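The values are calculated or read from the model by the stated rules, or taken from the named source; none is laboratory data. None of the values given here were measured: they were computed from a predicted structure. Virtual Cβ from ideal backbone geometry, glycine too; neighbours counted across all protein chains shown.
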Amino acid sequence: MRQVIRANTSGVVQTDSAAKHTLAPQMVEAAVSRLGWISLICAAIIGFAVYLEGRLQPEVGELLKDPKLLSVLLFVLLAAFGINAVARYRLLSPLAILNLGLAFEIVVAAAISFSETAMPRTSDSPVLGASKVALWIGVVGLLIPNKPWIKFVTALACATSWPLAYVLSLYLYGYDPLSWNRLVIWIHLPYVMAFVNYGISRRMWHMENAVQKARELGSYELVSMIGTGGMGEVWRARHRMLARDAAIKVIRADLMLLQPGYESDITRRRFAQEAHAIASLQSPHTVYLYDFGISENGSFYYVMELLDGISLQALVDRFGPLPASRVIHVLRQVCDSLEEAHRRGLVHRDIKPNNLFVCMVGIEYDFLKVLDFGLVKNVSRTETLQLTAPGVTAGTPAYMAPEVALGEESIDGRTDIYGLGCVAYFLLTGSPVFNEKTATATTMAHVQKTPVPPSRRSEVPIPPQLESLVLRCLAKRPELRPQSALELSQLLAAITDVPEWTQESAERWWQTYLPVSCAYRTARQPWPAGTDWEQQHAQTI
């Protein structure tokens with residue numbers, strides 16, 4: 001079922017102070033769109049005005065042939081067409097285009113000012129009307145919103161362009177200066193409009209923030225951020241009608257505003273691919289998807305179950321390496337999720353401790369959930385959508401299979417088997433397989449270096465059978481690894497020199513180290529806003 005989420009799905013839930021400093025994505029998109037057609041209208045008006053002046057006022061038409069004035073008008077025309085092309089084809093990020101539009105506002109104001117001051121006037125001639133700069137400031141203030149203080153500074157710069165152009169014209173053409181009262185009449189209205197523009201911008205800003213706040217009063221109320229990654233943000237949310245907590249993942253607003261059009265389109269398509277992949281899987285060890293759709297501002301989102309637990313990365317960081325019996329228990333659950341995905345032709349490509357959560361589900365403890373299918377690849381399709389830029393490797397270096405590091409196109413589920421071997425190594429030792437200084441060196445180590453047996457890097461006893469199986473998963477050649485997640489699960493179950501990790505053992509551990517009140521349990525008390533375990537512990541390239 002697809003529905004429009006009424007929460008603030010721009011990806012940013014703002015406090016009162018944050019709202020004063022953040023541009024809403026839909027405001028930016030609207031401003032960029034208007035900037036495109038305003039630039040075209042501006043170019044058309046300039047061309048028409050030059051033609052009309054030449055036809056109806058030949059003496060003014062002669063003045064317009066001045067090379068200096070013609071150069072200014074030509075520059076403005078080229079700038080207008082350039083702005084239109086950049087805005088139309090999204091050659092830059094929306095924020096960059098909006099900032100470019102500020103410079104365009106000042107350029108047009110300067111051109112208007114120069115064209116007005118270049119006309120000869122006597123010092124005693126009355127001033128009828130006002131500078132067209134004031135009209136320009138009013139138009140762009142209404143149609144191209146921005147932060148109030150930015151609009152105010154830009155409007156002041158536009159207004160100041162008139163006296164600067166006046167001084168320049170006196171120097172270039174040798175005109176007699178205007179009397180002070182005539183000069184005040186010329187320049188006062190643009191400055192008045194700058195202050196009016198500031199008031200309009202503040203009003204529009206508060207109205208937009210009010211709209212954002214109103215959107216939080218719909219079906220989902222976004223409570224707090226759980227975490228953020230390379231593509232999306234995950235928020236703890238509450239459904240108002242069902243009084244049930246959920247997790248909502250949305251594309252990061254800052255990411256979309258900073259990406260050019262083609263990159264943001266790829267991000268949206270990858271996000272949709274992730275949601276479709278999760279929705280197609282039914283294993284209880286794959287995170288459940290409740291809903292998926294498009295928000296009012298065009299951003300993709302999906303709603304999934306809120307997990308009461310902790311990631312394997314945080315678990316080891318907090319409590320150290322796990323006993324072999326618990327590692328086997330966890331790995332077999334991961335295999336259950338991966339086996340279903342692989343049979344459907346889906347390769348996760350980013351199996352790592354951050355994407356594996358142990359939870360309390362009902363009365364079961366240490367119930368594992370596989371998360372984050374953002375890099376999933378459907379290898380069963382004859383034509384796979386290219387969502388990774390050429391020459392860019394998708395994955396996390398510390399958990400990357402050699403064939404992925406080498407950029408091989410033909411991969412299958414055995415790639416995830418290698419990643420799971422890296423996870424097992426980390427769970428047993430508390431360290432990654434290769435701990436190089438850079439991401440590139442780590443990636444190449446997976447291709448070239450032989451892993452040190454985990455028993456040599458851990459004080460915790462590691463049974464020989466388990467160690468042998470982990471090293472087999474880390475084989476450089478896929479054909480030397482277990483050939484499926486099901487086979488790996490069966491091999492783990494066949495290990496005889498490890499005691500079973502029972503529900504009683506898990507319950508005792510959770511009640512001792514992760515009670516309900518523990519801040520590390522995601523569903524009870526989310527991570528502080530801005531916490532990014534992925535950025536702290538691994539670098540994705």
Legend entry - Tabulated pairs, the range 52-76, first in the same structural domain as Ser39 (by TED's automatic domain parsing) and basic (Lys, Arg), second part of a helix (DSSP H, G or I) and surrounded by 13 or more Cβ atoms within 10 Å (Cβ to Cβ), C-beta under 8 angstrom, 6+ apart or interchain: Arg55/Gly61; Lys68/Leu172
Inset, instruction - Give Ala493, Ala485, Ala475 a once-over and let me know the one that is over 40 Å from the mean Cα position of the chain (by Cα) and either at pLDDT 95 or above or of a type in the set (Gly, Ala, Ser) (or both). - result: Ala493
Inset, instruction - Search the range 400-413 for residues that are closer than 17 Å to Ala424 by Cβ and pair each with any residue that is among the aromatic types (Phe, Trp, Tyr) when their beta-carbon atoms are under 6 Å apart and the residues are at least 6 apart or on different chains. - result: Ala401/Tyr418
Inset, instruction - Would you please name the residue that is modelled with the lowest pLDDT, looking only at residues in the range 128-170 that are of a type in the set (Gly, Ala, Ser) and under 41 Å from the mean Cα position of the chain (by Cα)? - result: Gly141
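For the range 402-421: of the residues being over 24 Å from His329 (Cβ atoms) and touching a Lys or Arg at 6+ places or on another chain (Cβ under 9 Å), which is surrounded by the most Cβ atoms within 10 Å (Cβ to Cβ)? Spell out the reasoning first.
If we filter the range 402-421 for residues that are over 24 Å from His329 (Cβ atoms), which is where we start, we get 402-412.
From the residues that got through so far, the ones that are touching a Lys or Arg at 6+ places or on another chain (Cβ under 9 Å) too are 402-404, 411.
Working: Pro402: 20, Glu403: 20, Val404: 24, Ile411: 16.
So, considering only residues that are over 24 Å from His329 (Cβ atoms) and touching a Lys or Arg at 6+ places or on another chain (Cβ under 9 Å), the one surrounded by the most Cβ atoms within 10 Å (Cβ to Cβ) is Val404.
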Inset, instruction - Output the number of the condition that Asn146 fails; it satisfies all remaining conditions of (1) outside any loop (DSSP other than H, G, I, E, B); (2) in contact (Cβ under 8 Å) with a residue 40 or more places away in the chain; (3) farther than 23 Å from Leu69 by Cα; (4) not basic (Lys, Arg). - result: (1)
Inset, instruction - Inspect all residues belonging to the range 143-154 and state whether any of them is crowded, with 22+ Cβ neighbours inside 10 Å, within 22 Å of Leu77 (Cβ to Cβ) and not hydrophobic (A, V, I, L, M, F, W, C). - result: yes
Inset, instruction - Just name the residue that is modelled with the highest pLDDT out of those in the range 235-269 that are within 30 Å of Tyr89 (Cα to Cα) and in contact with a Lys or Arg (Cβ under 6 Å, 6 or more places away or on another chain). - result: Pro260
Inset, instruction - Kindly check whether there is at least one residue in the range 426-442 that is acidic (Asp, Glu), modelled with pLDDT under 95, part of a loop (DSSP other than H, G, I, E, B) and under 26 Å from Glu408 (Cβ atoms). - result: yes
Inset, instruction - Give the residue, chosen from Leu183, Leu178, Leu168, Leu189, that is surrounded by fewer than 18 Cβ atoms within 10 Å (Cβ to Cβ), in contact (Cβ under 8 Å) with a residue 40 or more places away in the chain and assigned by TED's automatic domain parsing to the domain that holds Cys42. - result: Leu168
Inset, instruction - Tell me, yes or no, whether the range 444-463 has at least one residue that is out of contact with any helix residue (DSSP H, G or I) (no Cβ under 6 Å at 6 or more places or on another chain), under 15 Å from Ser325 (Cα atoms), assigned to a loop (DSSP other than H, G, I, E, B) and at pLDDT below 90. - result: yes
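Per-residue answers, yes or no, for (1) within 13 Å of Val423 (Cα to Cα); (2) touching a Gly at 6+ places or on another chain (Cβ under 7 Å):
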residue	(1), (2)
Tyr301	no, yes
Gln313	yes, no
Leu346	no, no
Phe373	no, no
Legend entry - Qualifying position, being exposed (fewer than 14 other Cβ atoms within 10 Å of the Cβ), modelled with pLDDT under 85 and among the small types (Gly, Ala, Ser), among Ala44, Ala18, Ala7, Ala85: Ala18
Legend entry - Residue within the range 72-91 that is more than 22 Å from Pro190 (Cβ to Cβ), polar (S, T, N, Q) and in contact with a Ser or Thr (Cβ under 6 Å, 6 or more places away or on another chain) present: yes
Inset, instruction - Give the number of residues within the range 430-443 that are surrounded by 23 or more Cβ atoms within 10 Å (Cβ to Cβ) and more than 28 Å from the chain's Cα centre (by Cα). - result: 1
Legend entry - Tally of residues being under 21 Å from Gly129 (Cβ atoms) and aromatic (Phe, Trp, Tyr) across the range 167-190: 3
Inset, instruction - Output the residues belonging to the range 496-541 that are part of a helix (DSSP H, G or I), surrounded by fewer than 15 Cβ atoms within 10 Å (Cβ to Cβ) and modelled with pLDDT of 75 or more. - result: Gln503, Glu504, Arg508, Gln511, Thr512, Tyr513
Inset, instruction - Kindly list the number of the only condition in (1) surrounded by fewer than 19 Cβ atoms within 10 Å (Cβ to Cβ); (2) within 33 Å of the chain's Cα centre (by Cα) that fails for Ser71. - result: (2)
